Ligand SMILES: Cc1cc2nc3c(=O)[nH]c(=O)nc-3n(C[C@H](O)[C@H](O)[C@H](O)COP(=O)(O)O)c2cc1C
């Protein structure tokens, strides 16, 4: 395993037809990708050939936007269920980590522990769970609720949710299964614990009907950037997906979460901070700029404005002049961290509403870099060495071309600089990330005394 922080970690954020919201219209894009397993197989194998640590699938239990005149122009309103998709991808890949979102607001710990535990078994220890409290309030309407629970309530539930999931994964000891044909004992019941959790949010007896996952627990990822989100990350996460526009923002986020980790008695190096990175790569800077301009020409104004409204908690921009300045945005209960990044960007660069949505439609507030492979690698190295990032969640503008540009041009450059692996050393996601396998904690009661 590499020594601490000698190399960066790379994840592929595998979203729909690519991260540029109009990218599906590009002549080289796979417009059918959202429902096409063969397309995902190709991209997952490409990411594995480039030695990526993981690929990540975001998720919503709803159609995220219902502004139909605008969203009929986008591909994001249909999405495959991620654990099913990752299970399929586990059959055609061997090393790459397989990470998906699981909501703590619209699911139960037993379901999540079982689903991600199963994925960890199927993939031989490559699963990761992105713990989210859900950023889209439309999910409430699919679960018999009038409205989305409050931010603080969602995070309180999330904290207990993760503890319960860990308790369930610890049901069986790693060596509980004797499979003693002679003696007729399949498992040692003294090595099975019944959780008997009774908390504020959940009553879960257990045990989980699954042997302990190969990684102990799937890798725990967290992506909420508010104060409550950072605290949850500091207590539980092993990877943090973040969103920062500038190196200064990234450094401030990085220092803050690492300090919180230490305050929780954890080793600062035990967590990887991975901001999103939207790369548009060309053989030269001019070629990259041309690619970006070609994508921007495909962006319909309604789509840009609608996405900006969505990411700012549903703010109604219709009374405002799109070529005028951004009005003061009220606080949102949904995605606090993203709102701040967007408002800061508009203020810092003095952007009109139109200029802002043209930027947001591209990367949704994540850092964007347009240039040659050398320029993109320089930026990544600067953020890595400047302690703004331990790695990146790579957000290609389109599939397959936008990702191919990254794997064929940027990855070899990172490898040449010794910043990224050229071959996998381990087989599990924990091994790729240099994370320890967590020991089983004793909790609940033993099913049968020894
Ligand atoms: C890279 C990344 C991926 C995310 N994926 C999801 C997702 O799949 N589903 C979701 O509901 N929220 C997702 N989020 C949103 C956050 O996890 C979080 O729920 C939201 O930002 C609100 O929390 P906050 O107020 O603490 O920022 C993602 C955020 C980031 C940065």
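Quick rundown of the values:
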| read-out | value |
| --- | --- |
| From the options 80, 89, 122, residue that is surrounded by 20 or more Cβ atoms within 10 Å (Cβ to Cβ), farther than 18 Å from residue 238 by Cβ and touching a helix residue (DSSP H, G or I) at 6+ places or on another chain (Cβ under 9 Å) | 89 |
| One residue from 117, 167 being within 18 Å of residue 84 (Cα to Cα) and modelled with pLDDT of 95 or more | 117 |
| Selection count where residues are crowded, with 17+ Cβ neighbours inside 10 Å and either within 20 Å of the chain's Cα centre (by Cα) or part of a helix (DSSP H, G or I) (or both), scope region 140-158 | 7 |
| Matching residues, region 127-144, being at pLDDT below 90 and within 6 Å of the ligand (Cβ to nearest atom) | 135, 136 |
| Boolean, residue 219 is away from the ligand (no atom under 16 Å from the Cβ) and either modelled with pLDDT under 95 or in contact with a strand residue (DSSP E or B) (Cβ under 9 Å, 6 or more places away or on another chain) (or both) | no |
| Qualifying residues in region 395-420 (those that are assigned to a loop (DSSP other than H, G, I, E, B) and surrounded by 20 or more Cβ atoms within 10 Å (Cβ to Cβ)) - the one farthest from the chain's Cα centre (by Cα) | 420 |
| Members of region 163-179 that are touching a strand residue (DSSP E or B) at 6+ places or on another chain (Cβ under 9 Å) and either assigned to a loop (DSSP other than H, G, I, E, B) or at positive phi (or both) | 170, 171, 173, 176, 179 |
| Which numbered condition residue 304 misses (of (1) touching a helix residue (DSSP H, G or I) at 6+ places or on another chain (Cβ under 8 Å); (2) under 21 Å from residue 71 (Cβ atoms); (3) within 16 Å of the ligand (Cβ to nearest atom); (4) not in a strand (DSSP E or B)) | (3) |
| Test: residue in region 371-388 that is in a loop (DSSP other than H, G, I, E, B), closer than 30 Å to residue 32 by Cβ, under 22 Å from the mean Cα position of the chain (by Cα) and modelled with pLDDT of 90 or more | no |
| Positions within region 203-233 being crowded, with 23+ Cβ neighbours inside 10 Å and either out of contact with any helix residue (DSSP H, G or I) (no Cβ under 8 Å at 6 or more places or on another chain) or free of Cβ contacts under 8 Å to residues at least 40 places away in the same chain (or both), in sequence order | 221, 233 |
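The values are calculated or read from the model by the stated rules, or taken from the named source; none is laboratory data. Quick caveat: nothing in here was measured; it's all calculated off a predicted structure. Here Cβ is always computed from backbone atoms with ideal geometry, including for glycine, and neighbour counts include all displayed protein chains.
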